[in-house]
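Chemist: First, the structure itself, so that you have it in front of you.
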Protein chains: 2
Amino acid sequence: MEYIGVNFKDKFEKFSDLWMPRIVSQFNNYHIKLVKVKGEFTWHNHTDTDEFFLVLDGSLDIHFRDGKVKLDPGEMFVVPKGMEHKPSAEKECHILLIEPAGTINTGNIVNAMTVQENIWI
Amino acid sequence: MEYIGVNFKDKFEKFSDLWMPRIVSQFNNYHIKLVKVKGEFTWHNHTDTDEFFLVLDGSLDIHFRDGKVKLDPGEMFVVPKGMEHKPSAEKECHILLIEPAGTINTGNIVNAMTVQENIWI
């Protein structure tokens, strides 16, 4: 039997909308998500989970109330549970997120950027 | 405050031994590990967890009893809990693994390739 891996480049070619996570895999109760981002997201936090960010293409800033981290391709950061953060990117940036299944992208905030559905590709 | 991400390339420059995972970060109860591999690993399985593989450099085969998956850079695969597998790489390959803290690299098998320690870099 030939098993097939998940190719991130192939997956990113399947969608173009921003801030709209696509689930590409699951391990245990965690979802692996790909997201295209550009501009500013919403300040929010996740009260019950850390959040894993890995930049695959482009450059991402994650702002905190007392500073920020800048991530380039091949760089990752874990935002601790409960820590307010606001991702932003000047140019389109492609990132991989890992978080528990059911985690809402805007955490404790509900607004126009909130995505309730689980979209697999 | 300036926060710092984990740069995989910088981390890989800090070690050269094969099949010896280095922990670079943690989220919730999961460890993010970098590993350099070459040659064949041990057939094993993890009875209580799925295992996340992402290839960052080189090419990795993960053999199963009924087939295999071949992963190139930017490709990932989740080995399901309990599924026997044997990673191998013809040339040196750099991978990222995610698994629960305390997961033993050789799973249900203990041999010369077993790493008991948690080595952070």
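Chemist: A:L34: more than 10 Å from chain B (Cβ to nearest Cβ) and closer than 20 Å to B:P73 by Cβ, yes or no?
Modeler: The answer is yes for A:L34.
Chemist: Among B:I121, B:I104, B:I98, which is the only one that is facing chain A (nearest Cβ under 8 Å), of a type in the set (A, V, I, L, M) and closer than 23 Å to B:N29 by Cα?
Modeler: B:I98
Chemist: Condition first: closer than 27 Å to B:T49 by Cβ and more than 7 Å from chain B (Cβ to nearest Cβ). Now tell me which residues in segment A:11-25 satisfy that.
Modeler: Once the filter is applied, which keeps residues that are closer than 27 Å to B:T49 by Cβ and more than 7 Å from chain B (Cβ to nearest Cβ), segment A:11-25 yields A:K11, A:P21, A:R22, A:I23, A:V24.
Chemist: Here's a follow-up. For A:V37, indicate whether it is in contact with a Cys (Cβ under 8 Å, 6 or more places away or on another chain) and within 18 Å of A:I98 (Cβ to Cβ).
Modeler: yes
Chemist: Which number in (1) free of Cβ contacts under 8 Å to residues at least 40 places away in the same chain; (2) closer than 22 Å to A:K33 by Cβ marks the one condition that B:E99 misses?
Modeler: Status for B:E99: all satisfied but (1).
Chemist: Filter segment B:1-56 down to the residues that are outside any strand (DSSP E or B) and among the basic types (K, R), then identify the one that is surrounded by the most Cβ atoms within 10 Å (Cβ to Cβ).
Modeler: Restricting to residues being outside any strand (DSSP E or B) and among the basic types (K, R), the top hit is B:K11.
Chemist: Mind listing whichever residues of segment A:79-94 are at negative phi and either in contact with a His (Cβ under 8 Å, 6 or more places away or on another chain) or at the interface with chain B (Cβ under 8 Å from one of its Cβ atoms) (or both)?
Modeler: Within segment A:79-94, A:V79, A:K81, A:E84, A:H85, A:K86, A:P87, A:S88 meet the criteria.
Chemist: Starting from residues that are at the interface with another protein chain (Cβ under 7 Å from one of its Cβ atoms) and out of contact with any Leu (no Cβ under 8 Å at 6 or more places or on another chain), keep the ones in segment A:65-78 and report whichever is nearest to A:D50 (Cα to Cα).
Modeler: A:V78
Chemist: Now, a different point. May I ask you to list the residues in segment B:102-120 that are modelled with pLDDT under 95 and within 11 Å of B:K33 (Cβ to Cβ)?
Modeler: Hits for segment B:102-120 are B:T103, B:N105, B:V115, B:N118, B:I119.
Chemist: Have a look at A:E40, A:E2, A:E51 and point out the one that is acidic (D, E) and more than 8 Å from every other protein chain (Cβ to nearest Cβ).
Modeler: A:E40
Chemist: Would you confirm whether any residue within segment A:100-121 is part of a strand (DSSP E or B) and acidic (D, E)?
Modeler: no
Chemist: So, one more: Filter segment A:57-99 down to residues that are in contact with a strand residue (DSSP E or B) (Cβ under 7 Å, 6 or more places away or on another chain), acidic (D, E) and not in a strand (DSSP E or B) and give me whichever is surrounded by the fewest Cβ atoms within 10 Å (Cβ to Cβ).
Modeler: Ranking the candidates gives A:D72 first.
Chemist: Under 9 Å between Cβ atoms, at least 6 apart or on separate chains: pull out the pairs that start in segment A:54-77 with a residue that is over 23 Å from B:L56 (Cβ atoms) and touching a residue at least 24 places away in the same chain (Cβ under 8 Å) and end on any residue that is part of a strand (DSSP E or B) and not hydrophobic (A, V, I, L, M, F, W, C).
Modeler: Sorted first by the residue in segment A:54-77, then by its partner, the pairs are A:H63/A:E40; A:H63/A:H85; A:H63/A:K86; A:H63/A:P87; A:H63/A:S88.
The values are calculated or read from the model by the stated rules, or taken from the named source; none is laboratory data. All values reported here derive from a predicted model rather than from experimental measurement. Methodologically, a virtual Cβ is constructed for each residue, glycine included, from the backbone with ideal geometry; neighbour enumeration extends over all protein chains shown.
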